[in-house]
1. For a quick check: with amide H placed at 1.01 Å from N, whose amide H comes under 5 Å from LEU166's, ignoring anything fewer than 5 positions away on the same chain?
2. Please work out the C-alpha center-to-center distance from segment 108-187 to segment 55-77 and express it in whole Å.
3. When the Karplus curve 6.51 cos²θ - 1.76 cosθ + 1.60 is applied with θ = phi - 60°, which whole-Hz ³J(HN,Hα) does each residue of segment 53-66 get, with x for Gly and Pro?
4. Defining a contact as two alpha carbons under 8 Å apart and six or more residues distant in sequence, what relative contact order in percent does segment 3-184 show?
5. Dipole size in debye (nearest 20) for segment 26-119 around its Cα centre, Lys and Arg Cβ +1, Asp and Glu Cβ -1?
6. For LYS175, which aspartates and glutamates qualify as cross-link partners when the Cα separation must be under 20 Å and same-chain residues fewer than eight apart are set aside?
7. Nothing charged except the Cβ atoms of Lys and Arg (+1) and of Asp and Glu (-1): what's the magnitude of the dipole of segment 3-184 about its Cα centre? Round to the nearest 20 debye.
8. What residues have an amide H closer than 5 Å to that of VAL183, excluding those fewer than 5 places away on the same chain, when H is modeled at 1.01 Å from N in the peptide plane?
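Read-outs throughout are calculated quantities, based only on the coordinates presented, and are distinct from any laboratory measurement. In this text, all values refer to a predicted model and were calculated from it rather than measured experimentally. Cβ placement follows ideal geometry from the backbone for every residue including glycine, while neighbour counts extend to all protein chains displayed.
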Amino acid sequence: MDARARFVLLAAALVLGAATASGSHSAPAVCEGFPQTPGQIGGIHYRRSPLRHNVVFAGLAGTRFTLEGLVLSTSCKPVEGARIDFWQTDSNGHYDDTGTRLRSHQFTDPHGRYHLETILPGAYPGRTRHLHVKVRAPDQPTLTTELYFPGALHNDRDPYFDKRLLVHLAGVHRKLVAHFDFVLRIR
Ligand code: FE
């Protein structure tokens, strides 16, 4: 065996050893418990909605984005089959109270994931930009809450604004993506 082959073997053994050592000696990831997502007012604009992941329709004005994330339990487990209802204003701050525009519901997948294609909601008098949400795990009570957007003009002046409900906004492949994980106390 030449020097180079011995070096490769030695390096491989070291990597393998390190992997084994870290596997056998490090503690397994421990769930410290997630804080429960705070509830908020539901307002007066909640209505029944279609099952769908996309509420954008032809001619809809506004900044499109994808909202995505997980539904988790306070014990850090993904929640499958949680129902999530979303409702919001259009970019001018108006709700559709006679139809189903910008309203939807969906169910989390086996990994607890959800996603919604929508537009940034507009502010209206007294309220900063927000999305209304209801989240309900199977056979559990409903969490009614709202999501907020970092940097929105009226966040500081909205008495309901809660920074724990801020989405994380990022540009991904030229698309705007908002991330938020809901955490439910499962009884
Ligand atoms: Fe509202």
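1. Placed amide hydrogens put TYR148 under 5 Å from LEU166.
2. Cα centroid to Cα centroid, the span is 8 Å.
3. 9, 9, 10, 6, 10, 4, x, 5, 7, x, 8, 6, 7, 9
4. 26 percent
5. That gives segment 26-119 a dipole magnitude of about 180 debye.
6. Cross-link targets: GLU68, ASP90, GLU117.
7. Once rounded to the nearest 20, the dipole reads 440 debye.
8. Hits under the 5 Å cutoff: THR37, LEU72.
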